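Q: To start, I am sharing the structure in question, which I have written as structure tokens.
The values are calculated or read from the model by the stated rules, or taken from the named source; none is laboratory data. Predicted, not measured: the structure shown is a model, and the values here were computed from it. All Cβ positions, even for glycine, are placed from backbone atoms using ideal geometry, and neighbour counts span all protein chains on display.
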Amino acid sequence: MPLVNIFISPHPDDISLSLGCYIKSLTGRKIIITTHCRSFDDDGMADQTITRKKEELAFAEKVNAEVIFLDLPDTNCRGASWWNFDYTLNKKDNDLIARLLINKITSIAKAYNLFCPLGVGMHPDHIACYYSSLQIFSHLRQPPESVFFYEEIPYSLLSKSRLLSQEAFLRKGELFEFLIQTDEKIRLLECYTSQLQPEHINQIASGHSKERMIKYNHSIISKSTCITAEYLALMDGIKLV
Ligand SMILES: [Zn+2]
């Protein structure tokens, strides 16, 4: 049975930014599940949601992938604070995301690889996806063949996110690095004109020569509470200014 590659993306643009060249290189069926894609609905800016979805679909066409939007409200839409985000108080939200992911993944494929965000930028939506991803493994009827946690670009350009990322990669996982072609990365990021100015695109594409992810084995995933505890400790130790 051919393997489907399923990518969990907190927002439209995260897979393009973090794994754009890698996903393009893959053959077979590729599906991006974008969780938090509703922006500013209560603010008369619903257009932004539509625009961002269109941009994601344009990218998906370039890399021959399908997109599923879960339509959860993003941080701005919820009025949630980035810097005072309490990771432990958001269990209810994480449970909901996990349930939605389990339903979708179960309905998509029996044989698949799963790609989840590492949360290194400490963006609340990314952290929520990270936690939700850890929760789902014990509930999936058919576990993934392989599980990868990817480093989020452009956050990993920041020194403190880089530290967090390095720590994550030092844990018991197998590091995968995909060498990118800058021109190709630029072409893929050009789908996101509402989010990225040309100078940002160049900065991001030239700042990263690789897209990086860790492959976790099932025995580690099944002890996901350990990972969560380690991660919390790590984040406590690295305060953003
Ligand atoms: Zn994001």
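Q: Scan the stretch 129-136 and tell me whether some residue there is in a helix (DSSP H, G or I), within 16 Å of the ligand (Cβ to nearest atom) and of a type in the set (S, T, N, Q).
A: Checked against the condition, which is being in a helix (DSSP H, G or I), within 16 Å of the ligand (Cβ to nearest atom) and of a type in the set (S, T, N, Q), the stretch 129-136 yields at least one hit.
Q: Looking only at the stretch 103-118, decide whether some residue is touching a Ser or Thr at 6+ places or on another chain (Cβ under 9 Å) and assigned to a loop (DSSP other than H, G, I, E, B).
A: yes
Q: What residue, among those in the stretch 1-10 that are touching a strand residue (DSSP E or B) at 6+ places or on another chain (Cβ under 7 Å) and not aliphatic (A, V, I, L, M), is modelled with the lowest pLDDT?
A: Once the filter is applied, the top-ranked residue is Pro10.
Q: State whether one or more residues within the stretch 19-40 are away from the ligand (no atom under 13 Å from the Cβ), over 22 Å from Ser146 (Cβ atoms) and either modelled with pLDDT of 95 or more or not charged (D, E, K, R) (or both).
A: Looking through the stretch 19-40, at least one residue is away from the ligand (no atom under 13 Å from the Cβ), over 22 Å from Ser146 (Cβ atoms) and either modelled with pLDDT of 95 or more or not charged (D, E, K, R) (or both).
Q: For a quick check of your reading of the model, give me the residue pairs whose first member lies in the stretch 23-36 and is under 18 Å from Arg187 (Cβ atoms), whose second is of a type in the set (Gly, Ala, Ser) and within 13 Å of the ligand (Cβ to nearest atom), with beta-carbon atoms closer than 6 Å and at least 6 apart or on different chains.
A: Here the result reads Ile32/Ser9, each pair linking the stretch 23-36 to a residue that is of a type in the set (Gly, Ala, Ser) and within 13 Å of the ligand (Cβ to nearest atom).
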